[in-house]
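Read the structure below first, then the notes.
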Ligand SMILES: Cc1cc2nc3c(=O)[nH]c(=O)nc-3n(C[C@H](O)[C@H](O)[C@H](O)COP(=O)(O)OP(=O)(O)OC[C@H]3O[C@@H](n4cnc5c(N)ncnc54)[C@H](O)[C@@H]3O)c2cc1C
Ligand SMILES: Cc1cc2nc3c(=O)[nH]c(=O)nc-3n(C[C@H](O)[C@H](O)[C@H](O)COP(=O)(O)OP(=O)(O)OC[C@H]3O[C@@H](n4cnc5c(N)ncnc54)[C@H](O)[C@@H]3O)c2cc1C
């Protein structure tokens, strides 16, 4: 199956098509370079052309043409993903959805939007329309698209109240175009959502999203300091467990993360201080103060509604989730990260054991979220990178200690997830992408169903640097 | 300390005062008669007069006059409480707050209201103003006041998402008038809220309430049937634990409650069927359907947005909380009830053990709520009443089995609660009601600090039927 790139470009020339090498190259990259492992493998990859459809009809046209000419299609929102999800391993076409950014409908509790809408723009429109906003968003809110969040993200700011993006109810409906001779348009809801959401665009192109909303508030961003990490975790757990306090973010940073990596926070903390970042609804602030008074060692050093810092730190959530890694990387390029699940049974105990084992090689950055009706914790731990072997060893020891990793140093769905075939996704791909042209190389189950997961998967189809 | 009723009436004659025996008698009663135990003890009690202040200034005037003349004051919202909270054990004055029903301010996430507002009217005003409503309300929403809910209630419809009324954040601020020679007006927030909320008006008169709001939705009311009680509990637990599904009510009725006591539901269920009542946000309905599909034995028999029942059942929440008891009582006057805590650790196991012990003498009616960041269950069990001794025995056995009771057959704060002195409430009463004139007889700690709770407290000051 050799792609006929030239024929495809010719057939699509009436669309908004881009063949300029420099811009195609920039559209072929995402933020995989947060991982030294992925950087070593994906840095050279580039598509042959990019096209920006304006409508679903144009998406269908692109898919039809690429199908006819065996051209791989890798969909792109704004390429803020970290696992090379948007990198075209086999070249071909970048389907860039930036022009499909209409907000179609806003209703009480839900909105219907096109995939290329920025998360920030959805919030702006919903707030202006009816005082609503997204339940949750990735911390790349200002630059990421909703399509990329649904196809490549997992949760984020708001997950402390609403759980993960995959939890039933957090996506209402998707409209999806298949990759066939005659592409079909499918309305996906219910259990079927799992086939398409978080599938890295390997299963179909999402052209419309119906997503639940929550009320918009002027969230108060806060930083608190503690002298003791365990106490900060206990505080954060108990705060999140206060059902009457409406929160949007509860994040804990082991020392010296805040001091060393958060430039505008640094003047206000010592290297030894643990920092907790919060977003609290304004009408929950009196309750928050009542709650916090019972923790004599908690000190509020910043609140966005009453700041006296000479240099404002900006949005507090842009310190949490993977923005923590970004800030650390900027200061120390040798830093990379892990994504660890500490669960709901004894997250604090498990985190303490892991920390005792690894600190300071691995520094704990904890996100508190709701998981199955309980309070849970996850880590986007900062790792001082030395070698790939050591990184793999660190991951392995975590897992032996009972803390599963969603490995951000892998470009396949399975290795970044539960290291098992998702039968629903695979079955759907057989139906929706029979030639396997959608984001090839990202689903191990498609290419090598018997893969053992004992070592990193290397897709045989990946373009070599020389090509 | 003998009250000088005539002097007080004379001093208050320029206010909206009521001395007509029939109407004063009706204002002296609440719904204590749901309990045969309380009915035997409180049925004859009546105040000497009632007064309906229109303003906080008039409240102050009433309290000042009653203080001067040693007249007990029992505050009344609309008297829908079940524990005789609003019954004047020592006669005196009924302070009826029905005229103080202004909605003062509505903001994003919160409202400021007078105590005599009906819960229903607050919801109506907040919805019209800005698509908001109360986070939670007692199922007497249509008839009860917010002041009575805060001073006498504990939670209700909405607690499955927001927890209990006493949980930090669920009341923002109270304005309270003290019972002294010169009544003071206090603004109460933070930890101090526990001194005044759920204190049955023994600690001061609430004249203003700041309460958090949630977005208003056109909640879909549902009834589902199951053939198996445990499965219905498991379903309800798992549903409530789905963080992405926005719910306002999750209630389970053991068979044959729905068949025997819910007249409009009866034609649609068999005596053997367990019924689950739900309120689900409209935009959560697709997710709800996805969730429910995984439970093949769950059958939706009614949904308010698509009803084909010839006789509409009305508001679904008016089958839950203590409305279950009300409906059972109407059919079988020998029924009374318990309030049982099954906690969060193994509520289903505990309920099953209790049910195995007592059914059908005690039928399980379960309310699912959030408790400290987890899903918990409570019971408003229906009891086939025989004797007080047997009722006490049932309560005792529950407690021995690890299921604490909030005994609704007692008229004191302590016996209806945790059977222990609340030091904060007592201390505050010393300060705010030095003569002990506010709702006398309701706080054991005030009258008999050494009471042992081994038997029912009988306040010595209670008027005898002959008086
Ligand atoms: C600093 C930083 C912080 C981050 N924080 C978070 C966080 O809090 N939570 C989180 O979940 N992620 C986070 N991420 C990852 C990423 O930013 C988000 O998932 C983001 O929402 C992706 O959106 P995007 O538009 O950049 O998607 P892209 O990177 O462009 O695409 C992501 C994946 O989705 C596919 N895709 C995109 N659009 C479609 C479509 N319409 N149909 C089918 N497939 C499609 C792409 O092919 C790709 O596989 C973070 C990343 C960084 C760098
Ligand atoms: C069928 C039924 C269902 C119910 N369901 C629930 C439920 O789901 N949840 C729940 O919590 N309760 C429930 N209840 C109990 C009761 O209806 C509620 O607590 C209700 O909110 C009380 O309001 P009210 O205006 O009737 O108060 P009242 O009965 O008039 O007063 C209650 C108590 O508060 C005091 N009080 C009233 N106003 C003030 C004030 N301004 N300042 C100081 N003290 C004051 C009174 O003195 C009294 O002690 C139910 C009762 C029934 C009969």
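The values are calculated or read from the model by the stated rules, or taken from the named source; none is laboratory data. Owing to the predicted nature of the structure, the values given are computational and were not obtained by experimental measurement. Glycine also receives a Cβ, built like all others from the backbone with ideal geometry; neighbour counts cover every protein chain displayed.
Pairs linking a residue in the stretch B:19-35 that is more than 14 Å from chain A (Cβ to nearest Cβ) and more than 15 Å from ligand 2 (Cβ to nearest atom) to a residue that is part of a helix (DSSP H, G or I) and modelled with pLDDT of 95 or more, with Cβ atoms under 7 Å and 6 or more positions apart or on different chains, are B:19/B:9. The single condition from (1) away from ligand 1 (no atom under 11 Å from the Cβ); (2) surrounded by fewer than 22 Cβ atoms within 10 Å (Cβ to Cβ); (3) within 14 Å of chain B (Cβ to nearest Cβ) that residue A:154 fails is (1). Restricting the stretch A:94-108 to residues that are over 25 Å from residue A:27 (Cβ atoms) and in a strand (DSSP E or B), the residue that is farthest from the other protein chains (Cβ to nearest Cβ) is A:104.
Here's the yes/no breakdown for (1) in contact with a strand residue (DSSP E or B) (Cβ under 9 Å, 6 or more places away or on another chain); (2) within 14 Å of chain B (Cβ to nearest Cβ):
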position: A:205; (1), (2): yes, no
position: A:220; (1), (2): yes, yes
position: A:224; (1), (2): yes, no
position: A:243; (1), (2): yes, yes
position: A:252; (1), (2): yes, no
position: A:257; (1), (2): yes, no
position: A:284; (1), (2): yes, yes
position: A:294; (1), (2): no, yes
position: A:298; (1), (2): yes, no
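Return the residue satisfying two criteria in turn: it lies in the stretch A:107-125 and is closer than 18 Å to residue A:169 by Cβ and surrounded by 19 or more Cβ atoms within 10 Å (Cβ to Cβ), and of such residues it is farthest from ligand 1 (Cβ to nearest atom). Result: A:109.
Only residues that are over 21 Å from residue A:103 (Cα atoms), within 12 Å of ligand 1 (Cβ to nearest atom) and at the interface with chain B (Cβ under 10 Å from one of its Cβ atoms) were counted in the stretch A:161-185, giving 2.
Restricting attention to the stretch B:156-164, does a residue exist that is free of Cβ contacts under 8 Å to residues at least 60 places away in the same chain, within 13 Å of ligand 2 (Cβ to nearest atom) and either assigned by TED's automatic domain parsing to the domain that holds residue B:60 or under 21 Å from the mean Cα position of the chain (by Cα) (or both)? No, the stretch B:156-164 contains no residue that is free of Cβ contacts under 8 Å to residues at least 60 places away in the same chain, within 13 Å of ligand 2 (Cβ to nearest atom) and either assigned by TED's automatic domain parsing to the domain that holds residue B:60 or under 21 Å from the mean Cα position of the chain (by Cα) (or both). Candidates are the residues of the stretch A:109-132 that are within 19 Å of residue A:281 (Cβ to Cβ) and within 11 Å of chain B (Cβ to nearest Cβ); the one that is nearest to ligand 2 (Cβ to nearest atom) is A:109. Can you confirm whether the stretch A:53-64 contains a residue that is assigned by TED's automatic domain parsing to the domain that holds residue A:442 and touching a helix residue (DSSP H, G or I) at 6+ places or on another chain (Cβ under 7 Å)? Yes, that holds for at least one residue. Filtered by the rule that a residue be in a helix (DSSP H, G or I) and more than 18 Å from the chain's Cα centre (by Cα), the stretch B:122-137 gives B:124, B:125, B:126, B:127, B:128, B:129, B:130.
One residue stands out among those in the stretch B:91-106 that are in contact (Cβ under 8 Å) with a residue 24 or more places away in the chain and more than 13 Å from ligand 2 (Cβ to nearest atom): the one that is surrounded by the fewest Cβ atoms within 10 Å (Cβ to Cβ), which is B:104. Exactly one residue among A:381, A:359 is more than 14 Å from every other protein chain (Cβ to nearest Cβ), out of contact with any strand residue (DSSP E or B) (no Cβ under 8 Å at 6 or more places or on another chain) and closer than 18 Å to residue A:274 by Cα, and that residue is A:359.
The single condition from (1) over 30 Å from residue A:67 (Cβ atoms); (2) part of a helix (DSSP H, G or I) that residue A:407 fails is (2). Screening residue A:278 against (1) in a helix (DSSP H, G or I); (2) closer than 25 Å to residue A:351 by Cα leaves a single unmet condition, (1).
The residue list B:81, B:91 contains one member that is modelled with pLDDT of 95 or more, farther than 12 Å from residue B:12 by Cβ and touching a helix residue (DSSP H, G or I) at 6+ places or on another chain (Cβ under 7 Å), which is B:81. Among residues that are away from ligand 2 (no atom under 16 Å from the Cβ), part of a loop (DSSP other than H, G, I, E, B) and either under 25 Å from residue A:345 (Cβ atoms) or in contact with a helix residue (DSSP H, G or I) (Cβ under 8 Å, 6 or more places away or on another chain) (or both), residue A:198 is included. Exactly one residue out of B:233, B:213, B:245 is part of a strand (DSSP E or B), crowded, with 24+ Cβ neighbours inside 10 Å and more than 16 Å from ligand 2 (Cβ to nearest atom), and it is B:213. Annotation note: of B:69, B:44, the sole residue that is away from ligand 2 (no atom under 15 Å from the Cβ) and surrounded by fewer than 21 Cβ atoms within 10 Å (Cβ to Cβ) is B:44.
What do you reckon, is residue A:188 more than 9 Å from ligand 1 (Cβ to nearest atom) and within 27 Å of residue A:423 (Cα to Cα)? Spelling it out, residue A:188 is indeed more than 9 Å from ligand 1 (Cβ to nearest atom) and within 27 Å of residue A:423 (Cα to Cα). Just to be sure, is residue A:251 within 16 Å of ligand 1 (Cβ to nearest atom) and under 30 Å from residue B:135 (Cα atoms)? Taking the combined requirement at face value, the residue satisfies it.
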